[in-house]
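K.L.:
Below is one structure. I have some questions about it.
Bear in mind that the values in this text are calculations on the coordinates, not laboratory data. Bear in mind that the values here come from a model prediction, so they are computed numbers and not experimental data. Cβ sites come from the backbone with ideal geometry, for glycine too, and all protein chains shown count toward neighbours.
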Amino acid sequence: MTKKVLKFGGTSVGTIERIQHVAKIIGKERDLGNEIIVVVSAMAGKTNELIKLSSSITNNFNKRELDVLLSSGEQVTCALLAGALNQIKIDAKSWLNWQIPILTEGDHSNARIINMNINNINNYIKKGVAVIPGFQGVSKSGDITTIGRGGSDATAVAVAKIFDTDSCEIYTDVDGVFSTDPKKIPVAKKIDKISYDEMLELSSLGAKVMQSSAVQTAMMYDIPLEVKSTFTDRKGTKIFNQENIDYTKSVTGVAYSKDESKVTLIGVEDKPGVAANIFEPLNKAQINVDMVIQNISSDQKTTDITFTIKRDDLLKTIELLKINNRIKYKSISHNDKVAKVSIVGAGMVSTPGVTYKMFRGLADEKINILAISTSEIKLSVIIDEENTLNAVKKLHTIFDLD
Ligand code: ADP
Ligand code: ASP
Ligand code: MG
């Protein structure tokens, strides 16, 4: 008997017809004799709608209550899907996060799944399909928590690990992982198999087809994943541990994120400890600083420091810099109309000239690079947001991905 976790994302369960279609996919898997745990997302757009409702009261909505509110999206889908399965004569039952329970630790809206009770569900899937909500859990103190946007992927991987399933299948609205977002760049190509490392970079850099913390957990416990379409029968993408691969291409994919902003402190004192004093309050406020550039000072006394952060953190960052009396500077400038475009590929390690080729390509398109960061298998640049798709297209072409 094969035990499987099947996860269906928001678009896959976005309408009643789609939920009925998903029920048929599950029915086929059940007919093959598999034991099935289904993880569902909220219907497409539902989570955003709930966030909007809360912000119509205040932008600073109580975090505990926000998690109670947001978790309700998945509750609706669980019941609808279990009901749709029953309707086509398949035994199915939904569980809410606290009924399992899915235990989490960490802050509201950013919790982590640490355990689940497996007994009831393991007994139930011998005869029927268990349907459980993604994206949420309950803390030791009994509070409902959510685990970050796109978190149903992480729930699916946690189920695969904790229930020791034989496979973890992520059903979504595209055929698999592509060389870049196929909805924005139609010449993007589906990737048949990809390593955890590359997938982790791509998802952290903006390819939302897989949530990055889900990939991280899968990599940590070596849980192979398969991303495939709810709407076609085409073969999907396998994500697993690929060692000794002979990479034919230097670059596997291009990712982008428009979720960025750039801050420059002009005329900062150039002496030991200044950078630490700038970033300490940001660190305390859990603001993640991504790229940092320090110019060489012309007068040997002052310098300019530029760094990038998520756009949502911009106002808080400026506020913290302004009240920070441990640093002296002439002025602050910021720009929230920037984007990060990245190329990712394990083959970059063994291919010389990738950096030059990327910069040349962007220069040919007259795209100015505002900041750069590199790692072994990725190269990211910050550019003006309006140039994003142009840059992605160009890089996709010059690295032979079209
Ligand atoms: P789900 O609701 O199923 O979790 P998401 O919307 O979170 O689906 O992720 C799927 C979307 O990710 C696709 O519709 C596609 O637009 C986007 N995407 C971005 N980059 C990629 C990529 N490299 N490959 C595939 N899809 C991508
Ligand atoms: N419904 C949640 C969200 O929109 C979780 C998910 O879809 O994975 O972020
Ligand atoms: Mg998703």
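K.L.:
So what J values fall out for region 368-373 if you push phi through Karplus, 6.51 cos²θ - 1.76 cosθ + 1.60 with θ = phi - 60°, rounded to Hz, Gly and Pro as x?
P.N.:
Karplus-based 3J(HN,Hα) across region 368-373 equals 7, 9, 9, 7, 9, 9 Hz.
K.L.:
Work out from phi, with θ = phi - 60° and the Karplus expression 6.51 cos²θ - 1.76 cosθ + 1.60, the ³J(HN,Hα) of each residue of region 178-193, listed in order in whole Hz, and give x for Gly and Pro.
P.N.:
10, 5, 7, 4, x, 6, 9, 10, x, 7, 4, 10, 6, 9, 6, 9
K.L.:
Another question about this same structure. Ranking Lys183, Lys190 by Cβ neighbours within 10 Å, fewest first, what do you get?
P.N.:
Lowest count first: Lys183, Lys190.
K.L.:
So what is the calculated 222 nm ellipticity per residue for the chain, using -39500 (n - 2.57) for each DSSP H run with n of 4 or more, over all residues, to the nearest 500 deg cm²/dmol?
P.N.:
Mean residue ellipticity, 222 nm, calculated: -10000 deg cm²/dmol.
K.L.:
7 Å from Cα along Cα→Cβ at both Asp233 and Asp402: what's the point-to-point distance in nm?
P.N.:
3.3
K.L.:
Continuing with this model, one more query. Treat each spin label as a single point 7 Å out from the Cα along the C-beta direction, and report the Asn120 to Glu17 distance in nm.
P.N.:
Output for this residue pair reads 3.6 nm.
K.L.:
Diagonalise the Cα gyration tensor of region 311-387 and give the resulting equivalent ellipsoid semi-axes, square root of 5 times each eigenvalue, largest first, whole Å.
P.N.:
So the three semi-axes of region 311-387 are 31, 15, 11 Å.
K.L.:
Determine the alpha carbon to alpha carbon distance for each of Lys52/Lys262; Lys249/Lys310; Lys7/Lys394; Lys258/Lys394; Lys89/Lys238; Lys183/Lys316 and list only those over 24 Å.
P.N.:
Cα-Cα > 24 Å for Lys52/Lys262; Lys249/Lys310; Lys7/Lys394; Lys89/Lys238; Lys183/Lys316; rest within.
K.L.:
Would you mind getting me the FRET efficiency between Tyr221 and Ser141? Use the beta-carbon distance for r and R0 = 35 Å, nearest 0.05.
P.N.:
Computed FRET efficiency for Tyr221 and Ser141 comes out at 0.85.
K.L.:
Oh, and also: Run through the DSSP bridge list for the chain and note the antiparallel percent, rounded to the nearest 5.
P.N.:
Taking every DSSP beta bridge with both residues in the chain, the antiparallel ones total about 60 percent.
K.L.:
For region 84-182, just run the numbers: alpha carbon Rg, then divide by 2.2 N^0.38 Å, N being how many residues it has.
P.N.:
Its radius of gyration relative to the 2.2 N^0.38 Å reference: 1.18.
K.L.:
Hey, what's the Cα Rg ratio for region 127-246 versus the globular rule of thumb, 2.2 N^0.38 Å?
P.N.:
Dividing the Cα radius of gyration by 2.2 N^0.38 Å gives 1.10.
K.L.:
For Asn86 paired with Lys127, estimate the spin-label separation in nm (one decimal), with each label point 7 Å from Cα along the Cα-to-Cβ line.
P.N.:
Label-label distance for Asn86 and Lys127, simple model: 1.5 nm.
K.L.:
Using the per-residue mean of other Cβ atoms lying within 10 Å as a proxy for protection, in what order, highest first, do the peptides 333-339, 20-26, 198-204 fall?
P.N.:
Descending mean neighbour count gives 198-204, 20-26, 333-339.
K.L.:
If you plug each phi of region 66-82 into the Karplus form 6.51 cos²θ - 1.76 cosθ + 1.60 with θ = phi - 60°, what whole-Hz ³J(HN,Hα) values come out, in order, with x for Gly and Pro?
P.N.:
4, 5, 4, 5, 5, 5, 5, x, 6, 4, 4, 5, 4, 5, 4, 5, 4
K.L.:
Can you list the residues of region 164-179 with backbone N under 17 Å from a point 7 Å past the Cα of Lys249, pointing along Cα to Cβ?
P.N.:
175-179
K.L.:
Next question. Could you list Arg326, Arg18 in order of exposure, starting from the residue whose Cβ has the fewest other Cβ atoms within 10 Å?
P.N.:
Going from least to most buried by this count: Arg326, Arg18.
K.L.:
A further question follows. With a cut-off of 19 Å, note down the residues of region 372-389 whose backbone N falls inside the zone around a label point 7 Å from the Cα of Ser333 toward its beta carbon.
P.N.:
In region 372-389, the label zone of Ser333 (backbone N under 19 Å from the point 7 Å along Cα→Cβ) covers 372, 382-387.
K.L.:
Straight-line reach from Lys127: which aspartates and glutamates have a Cα under 17 Å away, not including same-chain ones fewer than 8 places off?
P.N.:
Glu29, Asp31, Glu35, Asp91
K.L.:
Contour minus end-to-end for Ile57 and Ile318, with contour as 0.36 nm per residue of separation and end-to-end as the Cα-Cα distance?
P.N.:
That pair, Ile57 and Ile318, stretches by 91.4 nm at full extension.
K.L.:
Considering the dipole of the chain built from charges on the beta carbon (Lys and Arg +1, Asp and Glu -1) around the Cα centre, which of Pro272, Asn123, Gly361 is farthest to its positive end?
P.N.:
Asn123
K.L.:
Shifting gears a bit: Specify whether the C-alpha gyration tensor of region 133-175 places it in the rounded, prolate or oblate class, a ≥ b ≥ c being the square roots of the eigenvalues: rounded for a/c under 1.5, otherwise prolate if a/b is larger than b/c and oblate if not.
P.N.:
oblate
K.L.:
Across bins of 10 angstrom width beginning at 0, how are the C-alpha pair distances of region 195-264 distributed, in whole percent?
P.N.:
17, 43, 31, 7, 1
K.L.:
In addition: For the chain, what number results from the quotient of the Cα radius of gyration and 2.2 N^0.38 Å?
P.N.:
Against the empirical 2.2 N^0.38 Å value, I get 1.07 for the chain.
K.L.:
Which shape class, rounded, prolate or oblate, goes with region 195-342 when its Cα gyration tensor gives a ≥ b ≥ c as root eigenvalues, a/c under 1.5 marks rounded, and past that a/b bigger than b/c marks prolate?
P.N.:
Prolate.
K.L.:
Take peptides 352-359, 248-255, 392-399 and line them up by average Cβ neighbours within 10 Å, highest first, as a rough protection proxy.
P.N.:
The peptides rank, most packed first, as 248-255, 392-399, 352-359.
K.L.:
Right, another one. Only counting other Cβ atoms within 10 Å, I'd like Val174, Val341, Val76 sorted with the fewest neighbours first.
P.N.:
Val76, Val174, Val341
K.L.:
So which aspartates and glutamates pass the test for Lys284, namely a Cα distance under 17 Å, with those fewer than 8 places away in the same chain ruled out?
P.N.:
Within reach: Asp107, Asp312, Asp313, Glu319.
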